[in-house]
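The values are calculated or read from the model by the stated rules, or taken from the named source; none is laboratory data. The model shown is predicted, which means the values in this text are computed figures rather than measured ones. Please note: Cβ atoms are built from the backbone with ideal geometry, for glycine as well, and neighbour counts cover all protein chains shown. Note: areas computed on protein heavy atoms with side chains; ligands, DNA, RNA excluded. Shrake-Rupley method; radii C 1.70, N 1.55, O 1.52, S 1.80 Å.
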Amino acid sequence: MGRPSPHSERDRRQVGRNTAKRRNSPHSCCVFASLLRRLGRHPARVAVGVTVLLSLLLAGLAPLPSRPGPHPLVPQGDAIRLASAKPHRPTPRSPRRCKGQIALTFDDGPSAAATSDLLDLLIDKHVPATFFVVGQRVEGNGALLRRMERAGFFIANHSWAHDQLTARPNRQVVRSLRSTDRALRRVGVHPTRLMRPPYGAINPRVRAAIRRAGFLPVLWTIDSQDWASGTTDQIANRILGSLRRGGNIVLQHDGVNRSPLSVRAVAKVVRVARQRGYCFAALDERGRPGFPRPHVAVSARGGVEGQHATVRLRLDASAGRRTSVVLATRSGTATVGPDLPALRRRVSIPAGSREVVVRIPLRSDDATEGREQASVVIGLGDGLRYGRRTDTFGIIDAEQATVRPVVATRSPGWILGFRFWG
Ligand SMILES: [Zn+2]
């Protein structure tokens, strides 16, 4: 059956017993959300506000916390602490300022009728969301799913054919989840390990099979019943009337007949919930309202004096929101100052991006030197954990550099590129 069936009364009763724990997440972005909320009635001011905030982040103008993190970025006496190292403001996130967290989730999509409009709305309102996707609907919707991921939304698993997993043997449960996961990866997106059993149908056997397959089941705390009945306004009011302090996980659908009605309810839910002091979050690694904390790693490739070194900051998974890390240069045999800039800059990684490339200019001098080395180090990550924190790269003296052609072994005679040798 191509079209998933709606959730049954029995299954919804079952879900009520499986209500997820409500809990404050330590990773909300409440100050930002509250600023947007205050400005919400004035779109022009929102645009200005967002521009100013992003500019501050990008320019690294905000002050560094006076208390060093668990891994101090700047070693004692290092030349990085120069006048150019500008302070940065602490990351604006304080769950204490939120009355509660709301994680919007959408099941049964993607669909041409609703998902695209929904993405437009969520992007416009700066609201994160998680999409529990049916495997059968992946093929043919690759562009939509890639857009979803690029915009920073999370893609999770809702079985291959909206299967009632409690009626299936374990091996079919596993196959249903894995084939959905593979289909998503084939269209170029990176699904999370979160899954939602269709109809909320789960029991200890199925739960164990899901976990063995490497997935984590996530249910909900608020059922909008958007698939069953109600106008847009009624759907919004059902959600708003069920909000509780702490964590809320809202179930809506972007892949059923009534989804366009439900999608339009999101605008009111966002507006009223923010007025009441709620913040919007994604789901963290444990399926709770919040944001996951991916690992960030740095790698650097050197170059010739007068050119630049290339530094890559890579996340192992999506952060689901704009995040940042402080990047600094450190002396090796090459000296910060004369040979390369004393950099200490907060670098933003946009929501949906997994890699940011930073180019560091390498200064020329008149001295003839051998190959030198310097390194980069990262720290003070915003909602991130660390993989590789530092990397060393070579700097080649301009006069020593020679250019040799690199010739492809399979087609001799064709010059594919050049490599610099010191
Ligand atoms: Zn469903």
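With a 1.4 Å probe and all protein chains kept in place, how much accessible area does residue 160 have, in Å² rounded to the nearest 10?
Accessible area of residue 160: about 90 Å².
Which listed residue (341, 270, 255) has the Cα farthest towards the positive end of the charge dipole for segment 229-365, taking +1 on Lys and Arg C-beta and -1 on Asp and Glu C-beta about the Cα centre?
Value: 270.
To the nearest 0.05, how large is the calculated FRET efficiency for residue 308 and residue 170 if R₀ is 60 Å and r is the Cβ-Cβ distance? Don't skip to the end; give the middle numbers.
Numbers: r = 54 Å, r/R0 = 0.90.
So, using R0 = 60 Å, E works out to roughly 0.65.
So if each residue of separation counts as 0.36 nm, and I subtract the Cα-Cα distance between residue 388 and residue 257, what length gain in nm does that give?
Gain on stretching residue 388 to residue 257: 42.4 nm.
So how far, in whole Å, is the C-alpha centre of segment 242-284 from the one of segment 302-357?
37 Å
Can you give me the long-range amide H partners of residue 280? Hydrogens built in the peptide plane at 1.01 Å from N, cutoff under 5 Å, separation of 5 or more residues or another chain.
Those qualifying (amide H under 5 Å, at least 5 residues apart or on another chain) are 102.
Can you pull the percent of segment 108-178's accessible area that's carbon plus sulfur, 1.4 Å probe, other chains left in place? Don't skip to the answer; put the middle values down first.
Details: 1260 of 2730 Å².
Summing carbon and sulfur atoms, their accessible area is 46 percent of the total for segment 108-178.
Using the crude model of +1 on Lys and Arg Cβ and -1 on Asp and Glu Cβ, and no other charge, please compute the dipole size for segment 301-397 relative to its Cα centre, in debye to 20.
That gives a dipole near 760 debye.
For segment 195-318, give the percent of accessible area contributed by carbon and sulfur heavy atoms, probe 1.4 Å, rounded to a whole number.
46 percent
Can you pull the one-decimal nm distance between simple spin-label points at residue 121 and residue 335, each 7 Å off the Cα toward Cβ?
6.1 nm
Return the long-range amide H neighbours of residue 332 (sequence gap of 5 or more, or a different chain), with a cut-off of under 5 Å between placed amide H atoms.
375
Give the relative contact order (percent, whole number) for segment 129-254; include only Cα pairs under 8 Å separated by 6+ residues.
23 percent
Before I look further, what does segment 185-275 give for accessible area per residue, probe 1.4 Å, in whole square angstrom?
Details: 3410 Å² over 91 residues.
For segment 185-275, the solvent-accessible area averages 38 Å² per residue.
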